[in-house]
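Student: What follows is a single structure, and I will ask about it in a moment.
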Amino acid sequence: MSFPSMHAYNVLLAASPPGTAVELISRLLASGLRPDRYSIPAVLRACAELRDMLLGAVFHGLALRLGLLANVVVSGALLDMYAKTGMLADATRVFDEMPERDAVVWNCMVTGYARAGRSEETLELFRKAQIESVDMARDLRAVPNVLNVCANEGQLMKGREIHGRMVRCFAFDSDIAVGNALVDMYAKCGQVDGAQAVFASMKVRNVMSWSTLISCYGVHGMGKEALRIYEEMVSRGVKPNCITFISILSSCSHSGLVSDGRRIFESMSKVHAVEPTADHYACMVDLLGRAGAIEEAVGIIRKMPMEPGASLWGALLSACATHNNVDVGEVAAYKLFELEEGNASNYVTLCGIYDAIGRSDSVSGIRSRMRELGMVKTPGCSWVHVKGRAHAFYQGCIPRYLRRQMLWVLGHLLEDMTASEYEDEYLSICYEIIGY
């Protein structure tokens, strides 16, 4: 075409990969044509994919000068670019200035906050979206991201609320992504029965659905159930992928199913044509290491076609710590010192092995090395959400404002104990934990 029209440019922009789209928009501007509400969103999507924020800011300014920001598609593409690149403050500013918002815009904002791990803002935005946008009540695109936030934060009540809202508003059982997210949410919140119930109610399932349920049983120590689901999946003709094998091998590892793990690992390439990755080898090292087969685990590392990574050496070091194998533990630890220079946990684990076999001089040497490097181990922490507030508990530190309530609960637990001869000992231990 000697003189491509604006329409021709827009069609090609919409169909082009990011790099080509940027080149096309440069040609469009050089030809004297003026970008419109179709070309600007296309180039903003390209900027998001390329992470080119400087070019994105240029077209933000151009859209502003051309008066295109009043168009919901242009503003939505701009917001999506900022959200995908983690610039949530800029995305929020665009969102607040939009004269109108549709379900796509709300989804972009919710998804952006969810990807950034901003759990409270994600849930609040999702709640507002349900109220302010009629279309959002039937739109499922943001739901998996919101459920992932609930899963990662242990927000079971919020997850159940979303589940109930979906059941009331629309049929979700035919949406695979939402069903998978629900299974994962219930699994990570400790509700195995809930995960199984959602899985059973799903009309359509894919390989991720089966893998998620296998992982659910595995992390809760129900290896036999995970193995049963895996075998049922294969018998139904669903082809397992690399994620499936990580889930089932991890399940075998947590439940001590060594022979089953070996069989499944060998079937990966021979039966299912899935080549093992470093993660699969790490699962096997963990499986063998937990069972005490340290030498066999070392043999697997030597046969690997790729260079062992930190996760694999970490699994081997943990196994050595469990079985007090100092020779292999030292090799694994010093490999980790090279791969993860700032990780104090590796030094602490090696110290634990030395301490278990009575090598106090080696313990002192490792601790001196940690002091030289300025390393401090992060204390263990757990938390629980009560009435919308997160309460954090660090190792050796109980918040003062919770001590009285905890003592009250412990007192009621003592009343319910049947082994009365242990009450005094139990009470003294509880008081010691709390710091009284």
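Student: Among [x] -0.32, -0.57, -0.87, -1.02; [y] -0.39, -0.69, -1.02, -1.16; [z] -0.30, -0.52, -0.79, -0.93, which is the computed log10 I(q)/I(0) by the Debye sum over Cα atoms at q = 0.06, 0.08, 0.10, 0.11 Å⁻¹?
Tutor: Step by step, log10 I(q)/I(0) by the Debye sum over Cα atoms at q = 0.06, 0.08, 0.10, 0.11 Å⁻¹ for this structure corresponds to label [y].
Student: To the nearest 10 square angstrom, what accessible area does residue 157 show with a 1.4 Å probe?
Tutor: Accessible surface of residue 157 is approximately 140 Å².
Student: Let me ask another. Provide the solvent-accessible area of residue 22, counting protein heavy atoms only and rolling a 1.4 Å probe, rounded to the nearest 10 Å².
Tutor: Solvent-accessible area, nearest 10 Å²: 30 Å².
Student: For residue 409 and residue 128, calculate 0.36 nm times their separation in residues minus their Cα-Cα distance, and state this gained length in nm to one decimal. Present the calculation step by step, with values, prior to reporting the outcome.
Tutor: On the way: separation 281, 0.36 × 281 = 101.16 nm, distance 3.65 nm.
Contour length minus the Cα-Cα distance gives 97.5 nm.
Student: Search the structure for amide H atoms under 5 Å from the amide H of residue 274, placed 1.01 Å from N in the peptide plane, and list their residues when 5 or more places away or on another chain.
Tutor: 269
Student: Sticking with the crude label model, points 7 Å out along Cα→Cβ, report the distance from residue 269 to residue 62 in nm, one decimal please.
Tutor: Distance between label points: 5.0 nm.
Student: Mind running the shape call on region 221-318? Use the C-alpha gyration tensor, a ≥ b ≥ c as the square roots of the eigenvalues: rounded below 1.5 for a/c, prolate if a/b tops b/c, oblate otherwise.
Tutor: In terms of gyration-tensor shape, oblate.
Student: Using a 1.4 Å probe and counting only protein heavy atoms, arrange 176, 229 so the residue with the most accessible area comes first. List each step's numbers first, then the result.
Tutor: Details: 176 45, 229 5 Å².
From most accessible down to least: 176, 229.
Student: Okay, moving on. Would you calculate the separation in nanometres between label points at residue 330 and residue 277, each defined as 7 Å from the Cα along the Cα-to-beta-carbon direction?
Tutor: 3.5
Student: State whether region 1-153 is rounded, prolate or oblate according to the following rule on the C-alpha gyration tensor (a ≥ b ≥ c being the square roots of its eigenvalues): a/c under 1.5 gives rounded; otherwise a/b larger than b/c gives prolate, and the remaining case gives oblate. Write out the running numbers ahead of the final one.
Tutor: Working: a/c = 2.30, a/b = 2.04, b/c = 1.13.
Prolate.
Student: List residues of region 244-277, by number, whose backbone nitrogen lies under 15 Å from a label position 7 Å along Cα→C-beta of residue 206.
Tutor: 244
Student: Can you pull the percent of region 201-271's accessible area that's carbon plus sulfur, 1.4 Å probe, other chains left in place? Intermediate results must be reported in sequence, preceding the final value.
Tutor: Values: 1780 of 3210 Å².
Summing carbon and sulfur atoms, their accessible area is 56 percent of the total for region 201-271.
Student: Then there's this: Hand me the chymotrypsin sites (Phe, Trp or Tyr not before Pro) from region 50-104 located in a DSSP loop with no more than 13 other Cβ atoms within 10 Å, in residue order please. Mind showing how you got there, number by number?
Tutor: Working: sites: 59, 82, 95; in loops: none.
Those that pass, being in a loop and sparsely packed, number zero.
Student: From the square roots a ≥ b ≥ c of the eigenvalues of the alpha-carbon gyration tensor of region 16-104, which class results: rounded (a/c under 1.5), prolate (a/b over b/c), or oblate? Could the numbers behind the result be given before it?
Tutor: Numbers: a/c = 1.95, a/b = 1.35, b/c = 1.44.
Because a/c hits 1.5 or more and a/b fails to exceed b/c, region 16-104 counts as oblate.
Student: Counting helices only, and only those DSSP H runs with n ≥ 4, report the 222 nm mean residue ellipticity of the chain as the sum of -39,500 (n - 2.57) divided by its residues, in deg cm²/dmol to the nearest 500. It would help to have the intermediate numbers written out before the result.
Tutor: Values: 24 runs with 305 residues, N = 436.
Rounded to the nearest 500, it is -22000 deg cm²/dmol.
Student: At 7 Å along the Cα-to-beta-carbon direction for both residue 96 and residue 322, put a label point, then send me their distance in nm to one decimal.
Tutor: 5.2
Student: Hey, another quick one. Helix hunt in the chain: which complete DSSP H runs extend at least 30 Å axially by C-alpha with mean Kyte-Doolittle at least -0.5? The partial results should precede the final answer.
Tutor: Numbers: long enough: none.
Span-like helices here: none at all.
Student: Rg and Dmax of region 280-379, Cα atoms, in Å?
Tutor: Answer for region 280-379, Rg first and Dmax second: 13.3, 38 Å.
Student: If exposed means no more than 10 neighbouring beta carbons inside 10 Å and the site is in a DSSP loop, what's the longest run of the chain without any exposed GluC sites (Glu not before Pro)?
Tutor: Numbers: sites that count: 100, 341.
Between the exposed loop sites, the longest stretch runs 101-340.
Student: Now for a different question. Rounded to the nearest 10 Å², what accessible area does residue 406 show when all protein chains are kept and the probe is 1.4 Å?
Tutor: 60
Student: Additional query: Could you work out the relative contact order of region 280-379, using alpha carbon pairs under 8 angstrom and six or more residues apart, expressed as a whole percent?
Tutor: Details: 107 pairs, mean separation 21.6, N = 100.
With pairs under 8 Å counted, the relative contact order is 22 percent.
Student: Just subtract the alpha-carbon distance of residue 176 and residue 33 from 0.36 nm times their residue separation and send over the number in nm, one decimal.
Tutor: 47.1 nm
The values are calculated or read from the model by the stated rules, or taken from the named source; none is laboratory data. Keep in mind that this is a model prediction, so the values were computed, not measured. Here Cβ is always computed from backbone atoms with ideal geometry, including for glycine, and neighbour counts include all displayed protein chains. Each accessible area value is taken on the protein alone, full model and side chains, heavy atoms only, with ligands, DNA and RNA left out. Shrake-Rupley method; radii C 1.70, N 1.55, O 1.52, S 1.80 Å.
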